[in-house]
There are 2 protein chains.
Amino acid sequence: MTRSSRKTARPVAFAADGHDHMSCIAEALQRAVALCESRGTQLTELRRRVLELVWSSHEPIGAYRILEQLDRPLPGQMRGKARRAAPPTVYRALDFLIEQGLVHRIESLNAFVGCDQPQATHAGQFMICGHCGVALELNDAGIANALASCATRLGFKVERPTIEVRGICPNCVRSGATQPAHAEHRHG
Amino acid sequence: MTRSSRKTARPVAFAADGHDHMSCIAEALQRAVALCESRGTQLTELRRRVLELVWSSHEPIGAYRILEQLDRPLPGQMRGKARRAAPPTVYRALDFLIEQGLVHRIESLNAFVGCDQPQATHAGQFMICGHCGVALELNDAGIANALASCATRLGFKVERPTIEVRGICPNCVRSGATQPAHAEHRHG
DNA sequence: CTGCGGTATGAAATAGTATAACATCTCGGA
DNA sequence: TCCGAGATGTTATACTATTTCATACCGCAG
């Protein structure tokens, strides 16, 4: 994992092409395994599978979409009488993953996205493209400082900052997208 | 969802005491009337009533709470067989109020709060107290600049920034509150 | 081995949030 | 008078999340 010289985390998601997502997933899972092992927490098969689904793209995914995918039998299994997993199953897995810092919740989308840097401090800053749906996590010191300074001035004790910036990502800007096209969402 | 001390005086907008909330509401409604008049938009009785309910405290209120209050007959009316208003009624009113900039949606709470400065630009920055539930809107240039500069660096075109900082407000910090006590919410 | 406790998952029901689709009403203007 | 636009009523449904109780699995003390 190369370190960018920027203050801002490397823009993985908005890096137009040259992004092998298969290895992107693989690396995320590898990091997760290592992290949980080092912490003595249990990354069970179910949780691993949910994490994999969350990482299936850089677009935040809803809990019920995960549920659907969970139901989909793996290649080689019969379609048969697959019992439908219940919501708590996926929500519990997500809770675990969030606790471990492996996944973030995107409040403005009621959806979940994988975290690049599960070890780092979690400021939780996201740039979310309304066109392609991709969410880029960043860790910008400038924003964090501005926030902290503002809070200090007010005497407010920060516990959990939520920063989710909706807009159009560089790729989509280049391709002339100004409209949703993503059909994504109500309040936007 | 258990309510915290519903009837106790509310610490308003972090401005410890000396806050006459009645006039706070009145002023907000006055501003709204003036604004809509100047724009030629219709602040109907229903919308005015919803706005009033949103302003009933500085704690963000859910759409269904508004609905309940809407059902409650005004003093002087008979309890009778009041027809229950349906969700779309309140959501539509909220949509209008949000469009007019009179109300903001707090994504992380699925709730709504009145806006102090309906005319000003809406950066949408909130400090939300997890103890007393109060949400303070602010318009901090430092935060806005940091965000803008970061977006520029990335080539990201900002459309709607969402900044919601969860924590403990000065009043509650002073009274030694470190725990929720507000029971408000799931993902916290 | 057996039972115990802790953690993880299964399963059913329900709570909470939001929208779709269509009907009706009202009011001003052609 | 009729039309059209905007606001609201009404019914149904979709989507998101949690509560509650039951069961399974695993490591370990007795």
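The values are calculated or read from the model by the stated rules, or taken from the named source; none is laboratory data. In this text the structure is predicted, and so the values were computed from the model without any measurement. Glycine gets a Cβ as well: all are built from the backbone with ideal geometry, and neighbour counts include every protein chain shown. Note: areas computed on protein heavy atoms with side chains; ligands, DNA, RNA excluded. Shrake-Rupley method; radii C 1.70, N 1.55, O 1.52, S 1.80 Å.
Below is a table of values for the structure above.
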{"read-out": "Matching entry among A:153, A:174 (being surrounded by fewer than 18 Cβ atoms within 10 Å (Cβ to Cβ), over 22 Å from residue B:151 (Cβ atoms) and facing another protein chain (nearest Cβ under 10 Å))", "value": "A:153"}
{"read-out": "Pairs with Cβ under 7 Å, 6+ apart, first in the range B:51-67 and in a loop (DSSP other than H, G, I, E, B), second within 13 Å of DNA strand D (Cβ to nearest atom) and open to solvent by 30 Å² or more (accessible area, probe 1.4 Å)", "value": "B:62/B:110"}
{"read-out": "Subset of the range B:116-134 (residues that are at pLDDT 95 or above and under 27 Å from residue B:39 (Cβ atoms))", "value": "B:125, B:126"}
{"read-out": "Test set (1) at pLDDT 95 or above; (2) surrounded by fewer than 23 Cβ atoms within 10 Å (Cβ to Cβ); (3) not in a helix (DSSP H, G or I) - residue A:112 fails condition number", "value": "(2)"}
{"read-out": "Test: residue A:161 is surrounded by fewer than 21 Cβ atoms within 10 Å (Cβ to Cβ), closer than 22 Å to residue A:120 by Cα and either at pLDDT below 95 or within 7 Å of chain B (Cβ to nearest Cβ) (or both)", "value": "yes"}
{"read-out": "Test: residue A:123 is more than 7 Å from chain B (Cβ to nearest Cβ) and in a loop (DSSP other than H, G, I, E, B)", "value": "yes"}
{"read-out": "Residue count for the range B:110-120, restricted to those that are within 11 Å of chain A (Cβ to nearest Cβ) and farther than 20 Å from residue B:52 by Cβ", "value": "1"}
{"read-out": "Options B:143, B:106, B:98; residue that is open to solvent by 60 Å² or more (accessible area, probe 1.4 Å) and either at pLDDT below 95 or within 10 Å of chain A (Cβ to nearest Cβ) (or both)", "value": "B:98"}
